[in-house]
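Written below as C-alpha cells is the structure these notes are about.
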Amino acid sequence: MKKIDPRLWKRLQDRLPSGELKLDEPTIANHSGDKWFATASPEAVALPRSVKSISAIMRFANRHQIPVTPRGAGFGYVGGCVPLKGGIALSTARMKRIKEINENDFVAVVQPGVITANLQAKAEAKGLYYPPDPASRADCSIGGNIATNAGGPRSLKYGVTSDYVLGLEVVLSGGTVARVGGRTHKNKTGFDFPRFFTGSEGMLAVITEATLKLLPLPPFRAALSVGFGSVRLAILGIKAIFKAGFLPSALELADEFTLRAVKNRTGNKRFSGCRGHLIVELDGQEKSVRAELRNLKQMLGKLNPRFLDQALGGVAVESIWQLRQEFSYALRDTGLVKLNEDIVVPRGRLEELLDFTGKLQKKHNMPVACFGHAGDGNIHVNVMLDDQIKGHEKRRVAVLDELFAWVVAHDGMITGEHGIGIAKKRWWPSAVSAEVRELHHAVKQALDPKGIMNPGKFL
C-alpha cells in the first residue's frame, strides 16, 4: 500500500470546514472495519457535513489518486467498508437530516446518515410506512442500506431497498454532483440510475441524498409462531401457505441447531422438542387480517405442530420478533465463530438446501445453523467454526467452497442482502458469467477510471 504524502492531508484540511478531516489514531481505528472480522487502517477519516465537502474531497482524491472508501454506520457483514488500500475512509454519519416526509407525495427525502429505524418511526407518526427492515435497522443507515440494497423479513411482500429508491444525489469519483431519478413513483425518463447505484457497494459513487417511496401504514398486524417436530414439516407449512394464496408480510424459518441455541440462551422451554420453527406475519385491515389468521391457524394445525401461538396487534407481534432477534446472539453464545452467509435459492429448493447443509455439517464435522427469510428463499446459512482447532481456516474455505458451489449449481445466488465486500470476493468469479464480470468492469472503468472508489473489493 502506497503511503500518502502527509503534506497532502494538510492541504485537504485547509479546503474543508474545521473538524471534517481527522488524522488521530482513535478516529482511524473506529473507521477501520465493519461487523466482519477483517480490518485495515485508513490514513485519514473524512467526516463531512455537506455535499459540497464531499465533492471537494472527491476532486482532491481523484487528482492525487488517493483511495476513498465510503461508509455509512459501519454495520455491514461482509467487510464492504474496510479501507483495504488505506487512503480516506469517508463517513456520511454526520449527514443525518430527514429533510422531508411528504404525506401527499408519499416520499421521504433524507441524508445518507439517517438511521433506518428513525426514518421508519418518523414516517409511521404520519401514518406512512417505509418497509425495508434489515435486522440492524436500529443501528444501520439509509446510505449503507442503499449501497448494499438491504432487505429483511418484509422483503417477501414489500421488496428490498431498491424498490423504494426514487431518486438519488450522488458524488462521482471526480467530484461531479449528479441528481438522478426524481420524486414520482413512476419514471421512464432515460436509464434507471437510482437502481443502478443501489447495491454498488461504494465502488461507483458516494450517496449524499435519497428520495424514498413511502406507503400507507397498514393499520393492523398479527403473527403466528409455530413450532414443528421437524424442519421438513415447517417447509410443508410454507408450501401450504403459498398454495392457499396467502402472501404474508414476513415468513421466517429456523432449524433445530438455531432453536436449541435460543433455548439455551433464553431458557424458553417452548422450543423443547422442536426441530423447525415458522414466524408468519400478516398486515392490512384488521377484519381481513383476523380472518386470514384464523384460516392459517386451521391450516397449519393440520401439520400437528408442537405449539402454535398467535399475536394480535403491533405490541404482541413485536414480542415474537424479539425472540427472532435472539437467533444471532444465541449462536454467538455457543462460543463458535458465526459465519453468516446470506445465500438465496429459488423458493422451491428450500428443502434441498436444508438437506444439503445437513450433509455438509456431517461431512466436515462442523455445525451449520440455518434461519431466515424462507418466504423469498433468502436463508442465512451460518457455518459455526471452532477457531481453536488447528487448520480452521482451511476448513472454513472448504465448507464455503462447497456451499457456494451448490447454491450456484441450483440456480441460487451467493448473497441476497449483505453484498460481496471482502467476505465473498473469492466466489465472485464463479457466481456470475465472464460476460457479466466484463460488464461490471466496463461500468467501473467508465465511472471511476482511476480506480479510487473502494478499491480492493470484487472490482
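So for His373, His364, fewest C-beta neighbours within 10 Å to most, what's the order?
Details: His373 23, His364 16.
Final ranking by Cβ density, sparse to dense: His364, His373.
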Under the Karplus relation 6.51 cos²θ - 1.76 cosθ + 1.60, θ = phi - 60°, what is the ordered set of whole-Hz ³J(HN,Hα) values for the range 263-273, x standing for Gly and Pro? 4, 5, 6, 9, x, 6, 7, 4, 8, 4, x
Calculate, axis by axis, the spread of Cα positions in the range 335-430 along the three principal axes, and write the results as whole Å, longest axis first. 37, 26, 22
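Counting other beta carbons within 10 Å of each Cβ, put Lys444, Lys186 in order, fewest first.
Starting with the residue having the fewest Cβ neighbours, the order is Lys186, Lys444.
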Violations at 30 Å Cα threshold for listed pairs Lys213/Lys338; Lys10/Lys122; Lys126/Lys239; Lys213/Lys263; Lys22/Lys444 -> Lys213/Lys338; Lys10/Lys122; Lys126/Lys239; Lys213/Lys263
Whole-Hz couplings from phi, Karplus 6.51/-1.76/1.60, listed for the range 387-392; x for Gly and Pro: 7, 8, 7, 4, x, 5
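Does the range 220-328 come out rounded, prolate or oblate by the C-alpha gyration tensor, with a ≥ b ≥ c the root eigenvalues, rounded set by a/c under 1.5 and, if not, prolate when a/b is larger than b/c and oblate if not?
Numbers: a/c = 2.09, a/b = 1.34, b/c = 1.57.
Note, shape of the range 220-328 comes out oblate.
Quick check on the range 136-281: take the gyration tensor over C-alpha atoms, sort the square-rooted eigenvalues as a ≥ b ≥ c, and tell me if it's rounded (a/c under 1.5), prolate or oblate. Spell out each step's value before the answer.
Numbers: a/c = 3.08, a/b = 2.11, b/c = 1.46.
Since a/c reaches 1.5 and a/b is larger than b/c, the shape of the range 136-281 is classed as prolate.
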Quick one: angle between helix 286-301 and the longest Cα principal axis of the chain, in degrees between 0 and 90, rounded to 10, please. 60
Helix 314-324: inclination vs the chain longest Cα principal axis, degrees, rounded to 10, gives 80
The correct pair for the range 16-119, radius of gyration to one decimal and Dmax as a whole number, both in Å and from Cα atoms, is 14.8, 47
Does anyone have the angle between helix 51-64 and the longest principal axis of the chain? Alpha-carbon axes, 0 to 90°, nearest 10? 70
Dimensions of the range 98-216 along principal axes (Cα, Å, largest first)? 39, 29, 26
List the residues, sorted by chain then number, that are 5 or more residues from His380 or on another chain and whose placed amide H is less than 5 Å from its amide H. Phe371, Gly372, His373
Globularity index of the chain, i.e. its alpha-carbon radius of gyration over 2.2 N^0.38 Å: 1.01
Plugging the Kirkwood radius over Cα pairs into Stokes-Einstein for the range 165-214, at a temperature of 4 °C and a viscosity of 1.567 mPa s, what D comes out in µm²/s? 117
What do you get when you divide the Cα radius of gyration of the range 1-47 by 2.2 N^0.38 Å, with N the number of residues? 1.24
Over the chain, the sum of -39500 (n - 2.57) across DSSP H runs of at least four, divided by residue number and rounded to 500 deg cm²/dmol, gives at 222 nm -10500 deg cm²/dmol
Could you give the distance between the Cα centres of the range 386-459 and the range 55-108, to the whole Å? 22
When all Cα-Cα pair distances of the range 329-375 are considered, the percent exceeding 16 Å is 45
Dimensionless Rg over Rh [the range 228-271; C-alpha; Kirkwood]: 1.07
Charge tally in the Cβ shell below 10 Å around Leu336, where Lys, Arg are +1 and Asp, Glu are -1, Leu336 excluded: -1
List, in order, the whole-Hz ³J(HN,Hα) value for each residue of the range 404-416 obtained from phi through the Karplus relation with A = 6.51, B = -1.76, C = 1.60 and θ = phi - 60°; use x for Gly and Pro. 5, 4, 5, 4, 5, 5, 10, 6, x, 10, 6, 8, x
Arranged by the count of other C-beta atoms within 10 angstrom, fewest first, what order do Tyr329, Tyr130, Tyr77 take? Tyr329, Tyr77, Tyr130
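Read the figures in this text as sums done on the coordinates, not as results from a lab. Fair warning: this is a prediction, and the values are worked out from it, not measured in the lab. Every residue, glycine as well, gets a Cβ built from its backbone with ideal geometry; the counts of neighbours run over all protein chains shown.
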